[in-house]
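Everything on this sheet refers to the single structure shown next.
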Amino acid sequence: MATDIKQEIHYVVAETYDLCQEKIQTLCGKNYRILQKRFVKTKGFLGLFKKDALEVAYIVLPENTYSKYHNFSLQGVPYPGSGQQSINQMGTNSTTSTDFQREKEKILSENKLPNPQITEVLKEIKALREDVSTMQNYSPEDEHESVIKVRKLLEDNEFSPAYTRKIIDRLKKEFTIDDLEDFSQVEMKVVDWIGESIKIADITLRSRPQIIILVGPTGVGKTTTVAKIAAQYNPNASEHPLRVCLFNADNYRIGAKNQIETYASLLSIPIATIDKDGDFVKKINSYGTDTDVIIVDTLGCGQKDYEKIGILRRRLETKGVIPEVYLTLTAMTKLSDMRDILQQFEVFAYNSVIVTKLDETGCIGNLISVLDEKNKSIAYLTTGQSVPNDIEVASVVKLLMMLNGFKIDRNHIEEKFSN
């Protein structure tokens, strides 16, 4: 039976419908109801590069009223900017194609708004009706027990809904009913698929001097990580007898200069400061002739701090030099924020990430999901604050061994994913 909707209407904006749902679930769990969706234009970076996004309207339901398969109707709820008066009694399986066509013709004949605008509204209504119909027709009883177990494991490891759906769809496509009876084989294959989705960066030095720049939000541990990487190439290290220099491009954070200078002193390597635009190229020309590796520490920028991002981008401009840029982020970052960070720092043309504080989280599904989604590789993993320790080159095996609930055959994955 239809229920009048009188609660406050909320809105979220994201690139896809799945991402909108993830944002809503982050805010209010599963106690919500989708009202409408429409395409909008995002503002873009510094007002440029506008692109299409989806805006979803929803309401928060009282506790204990959520049902994954419940019917609903929209009773006279106006949606801002859609050009419609209201939406009535929509969202149940009883609406047939004939009924919908009849409603369409009725609205077109009675409404005074231009036909193209009404047509767009009807398209959105129809799309929402199809989404609801799909949700209502779904039944977990239709799935094999092994599929249900895999879905639960992925959800427990905080993989994104889109990533989980991709694995489940592949499982249903490649496994027969008889094959699904052997859960140990199913589990091993799913772990393999997860491992195949993890990309590891090539950290081989390709030029002289090799310029390595770490960018990222505040508080992710960039300065400590810079020191750890520098220690890998320390002139006193027998494995990497390379000449290393540190550059500091963080003059905003209190104590940042002292911290990086302390690390440089302990490692017995020179350090230079980038104070203004144009300094970077000058310092490269000055130190580069006698240096194999230059590692640059930068100021932390919030993913929505466009002014600081713009300042840092100008300060790191180079001519004739292509640096290796790593986005540094902590493993504890929630999925939606991680996605925003990866998107906003694209302006630095990074290809790989460094994941810090891996020891402080119990789930890495969000990390694997978003990196797969954005097609980014992982260069280093850090697992503590100790310098020069607590850093290692990223590996698929290391990440797979952190999965919760899966029975991992270490010998198998080491053989399959050893570099």
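Please report the spacing between the Cα centers of the range 326-392 and the range 141-208 in Å, no decimals.
A separation of 20 Å, based on Cα centres.
Could you work out the per residue convex hull volume over the alpha carbons of the range 268-323, in cubic angstrom?
It comes to 99 Å³ per residue, whole-number rounded.
What residues qualify as long-range amide H neighbours of Met401, i.e. H under 5 Å apart, gap of 5 or more or another chain, H built at 1.01 Å from N?
Those qualifying (amide H under 5 Å, at least 5 residues apart or on another chain) number zero.
Assuming 0.692 mPa s and 37 °C, estimate D for the range 348-419 with Stokes-Einstein, Rh taken as the Kirkwood radius over Cα pairs, in µm²/s.
Details: Rh = 13.4 Å.
After rounding, the answer is 245 µm²/s.
List the residues, sorted by chain then number, that are 5 or more residues from Thr218 or on another chain and whose placed amide H is less than 5 Å from its amide H.
Residues meeting the amide H criterion: Cys301, Gly302.
May I ask which of Lys37/Lys222; Lys149/Lys374; Lys173/Lys416; Lys283/Lys308; Lys283/Lys398 have a Cα-Cα span longer than 29 Å here?
Pairs exceeding the cut-off: Lys37/Lys222; Lys283/Lys398.
Which whole-Hz couplings ³J(HN,Hα) result when phi for each residue of the range 363-380 is put into the Karplus expression 6.51 cos²θ - 1.76 cosθ + 1.60, θ = phi - 60°, listed in order with x for Gly and Pro?
Those phi angles translate into 9, 10, x, 4, 4, 4, 4, 6, 5, 5, 4, 8, 6, 10, 9, 10, 9, 10 Hz.
How would you order 219-226, 199-206 from highest to lowest mean count of nearby Cβ atoms within 10 Å?
Result, highest mean first: 219-226, 199-206.
Could you work out how much longer the chain between Lys416 and Gln25 gets when fully extended? Use 0.36 nm per residue separation minus the Cα distance between them, nm to one decimal.
137.2 nm
Taking the radius of gyration and the Kirkwood hydrodynamic radius from Cα positions alone, what is the Rg/Rh ratio for the range 269-419, to two decimal places?
Ratio value, two decimals: 1.01.
Would you mind computing, in nm to one decimal, how far apart the modelled labels at Asn285 and Asp182 are, each placed 7 Å from Cα along Cα→Cβ?
6.6
A short reminder: the numbers here are calculations on the coordinates, not readings from a lab. Here the structure is a predicted model, which is why all the values come from computation and not from measurement. Counting neighbours? That spans all protein chains shown, and the Cβs are built from the backbone with ideal geometry, glycine included.
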